[in-house]
Every structure is written in structure tokens, then in C-alpha cells.
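Participant: Here it is, the structure in full.
The values are calculated or read from the model by the stated rules, or taken from the named source; none is laboratory data. Please read all numbers here as calculations on a predicted model, not as lab measurements. Cβ placement follows ideal geometry from the backbone for every residue including glycine, while neighbour counts extend to all protein chains displayed. To get the accessible areas, we keep the full protein, side chains included, count just its heavy atoms, and leave off ligands, DNA and RNA. Shrake-Rupley method; radii C 1.70, N 1.55, O 1.52, S 1.80 Å.
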Amino acid sequence: MKVINLGEHSSSLNSIIARMRDREIQKDRAKFRDNLYRVGQIFGYEVSKTLDHNRISVNTPLGEAIVDVPTDKVVVATILRAGLPLQQGVLSCFENADSAFIAAYRAYDEHQGIKVFTSYCATPHLEDRTVIMADTMLATGTSLLDGIKVLTEKRGEPSGLHLVCPISSANAVETLQKELSDDVTLWVATIDPQLNSKSYIVPGLGDAGDLCFGEKL
């Protein structure tokens, strides 16, 4: 698996990530969702530069313009619920893309510890399509791997797979590198060093789903 860390270079992306981490700014849910949407736009733009392109002619009021445009058939998938604003940002870069949705939740199992359960999946066919999986927080990597498995088992193997995970742990990156093939690309904005006892990323930013939509019961 190839890892591209956009946060390694100083840019406006790092400023947005900093605001998302700030516990005072996080109190404004609308602002948090908006920042996550903007992060999705940046990642969508960067992913688009790696796709296949075709040269087309466009008639302007003053003549003819030649433009290179992406030709991949894209599906933007996400894991509910924290991934929704991120997915919408990515989608804004691909006007003809389809969407896929997976519902997954973490629960404690006395024998296996933290376990991920998948309860819902809605997706189009994926064969010969480029899938961009948007997942805001990559903690252990388990939910993302399970999500990929569910998608491919239901609707076939995509021609390309990009994982957009802005906040990732070093542990999850290592896990994904062991499990995924070399033609998969992981896009991150930061790789944080550790997880706490509840498998939350440290320093991370807290529970992204709660910050977007409020605390859950």
C-alpha cells in the first residue's frame, strides 16, 4: 500500500486540521463539519490528479479550448456517521460520481476486545470503477478493512482504491500496509503516534462523529 501524507508539507490543509483539533473551535459543530468538508475537497482534488484523463474540446464564446479531464468512473464511499461531511467534500470534486454507504459501530467483546460490527451497506456495482473510501479517523484500521471487505463482497473488485483518512494512527497505517495490496493508496493529513486504552487516536481530535452531529447514547 502506498501512503501519501499531505500534511508533511506546509499548506492550508494543515491550518484546517489544526482548527479541527482545537477543543474550543470544536464547540461549533457547524464549523467542524465545514472544516471536514473543506478537507474532503482538498483530498478529492489531490486524488483527481492521479486518475486517468482524456483530452476534450470545449467551445467557448471566443473559440475552442483543449482540456484534459478525468475519465475514471468514481464511487465515493464512506463509513457512517463521521465520514459524511468528508465524503461530501470529496464528492464536490467528482460531479458524476456515485456514492456508497456503510454503517459500522465499535463494541466491546469480552473475548476479542474492541470489535467492529457492520449493520448496513448500500453501494452500486464497483467493477471497473475507482473507489474513494472517505473515513475521517483511522484508529485501529479494523472498521476500514471491514468496510472494504463488505463493499467488494457485495459489488465486486474496483479497478482502483483510494483511502482518504485525514487523521490516522501509526498503528492503523502499519496494519493496513500488511493487509492491503501495493496498488491501494492511503491519503492522510497526519499520522499520530499512539492509541489510548479505548482505541482513540492520541493526540487525535476526539470523537469525530460526536463533534459533527452531537453525542450519541
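Participant: Please express the Cα-Cα pair-distance distribution P(r) of the stretch 1-144 as a list of whole percents, one per 10 Å bin, running from 0 to the bin with the greatest distance.
Facilitator: Cα pair-distance distribution for the stretch 1-144, in percent: 10, 32, 33, 18, 5, 1, 0.
Participant: Charges only on Cβ, +1 for Lys and Arg, -1 for Asp and Glu: so what's the dipole of the stretch 1-68 about the Cα centre, in debye to the nearest 20?
Facilitator: Numbers: 11 positive and 9 negative charges, 87 e Å.
The calculation lands at about 420 debye.
Participant: To the nearest 500 deg cm²/dmol, what mean residue ellipticity at 222 nm is calculated for the chain from DSSP H runs of n ≥ 4 alone, each contributing -39,500 (n - 2.57), summed and divided by the residues?
Facilitator: -10000 deg cm²/dmol
Participant: Let me ask another. My understanding is that a pair violates if its Cα-Cα distance is over 20 Å; which of Lys149/Lys198; Lys49/Lys73; Lys2/Lys198; Lys2/Lys154; Lys154/Lys198; Lys2/Lys49 do that in this structure?
Facilitator: Correct reply: Lys149/Lys198; Lys2/Lys198; Lys2/Lys154; Lys154/Lys198.
Participant: Please compute the modelled spin-label separation between Glu24 and His125, points set 7 Å along Cα→Cβ, answer in nm with one decimal.
Facilitator: 5.4 nm
Participant: Rounded to a whole number, what % of the accessible area of the chain do carbon and sulfur atoms account for, probe 1.4 Å?
Facilitator: Heavy-atom surface of the chain belonging to carbon and sulfur, 1.4 Å probe: 47 percent.
Participant: Expressed in nm to one decimal, what extension gain is obtained for the pair Asp182 and Leu145 from 0.36 nm per residue of sequence separation less their Cα-Cα distance? Before the final figure, lay out the partial values.
Facilitator: On the way: separation 37, 0.36 × 37 = 13.32 nm, distance 1.50 nm.
Gain on extension, Asp182 to Leu145, equals 11.8 nm.
Participant: Output the relative contact order of the chain, whole-number percent, from Cα pairs under 8 angstrom with separation of 6+ residues.
Facilitator: 23 percent
Participant: Label Leu217 and Ala103 with points 7 Å out from Cα along Cα→Cβ: what is the distance between them in nm?
Facilitator: Placing both labels 7 Å beyond Cα along the Cβ direction yields 1.5 nm.
Participant: Here is a further query. Over the stretch 68-217, what per residue volume does the convex hull of the Cα atoms give, in whole Å³?
Facilitator: 124 Å³
Participant: Label His9 and Lys198 with points 7 Å out from Cα along Cα→Cβ: what is the distance between them in nm?
Facilitator: Modelled inter-label distance: 3.7 nm.
Participant: Something else about it: Over the chain, give the accessible area per residue in Å² for a 1.4 Å probe, as an integer.
Facilitator: 54 Å²
Participant: Next question, about the same structure. Helix 142-155: angle to the longest alpha-carbon principal axis of the chain, degrees 0 to 90, nearest 10?
Facilitator: 50 degrees
Participant: Treat every Asp and Glu Cβ in the chain as -1 and every Lys and Arg Cβ as +1, leave all other atoms uncharged, and give the resulting dipole magnitude about the Cα centre to the nearest 20 debye.
Facilitator: Once rounded to the nearest 20, the dipole reads 580 debye.
Participant: Continuing with the same structure: I'd like the distance separating the alpha-carbon centroids of the stretch 129-155 and the stretch 64-102, in whole Å.
Facilitator: 15 Å
Participant: Using DSSP to call loops (not H, G, I, E or B), can you name the trypsin sites (Lys or Arg not before Pro) in the stretch 1-101 whose Cβ has at most 14 other Cβ atoms within 10 angstrom?
Facilitator: Answer by residue number: Arg23, Lys49.
Participant: Once you have the Cα-Cα distance between Ser159 and Val58, take 0.36 nm times their residue separation minus that, and quote the gain in nm to one decimal.
Facilitator: Once the chain is fully extended between Ser159 and Val58, it gains 33.5 nm.
Participant: How much accessible surface area, in Å² rounded to 10, belongs to the heavy atoms of Tyr37 with a 1.4 Å probe?
Facilitator: Using a 1.4 Å probe on the heavy atoms, I get roughly 80 Å².
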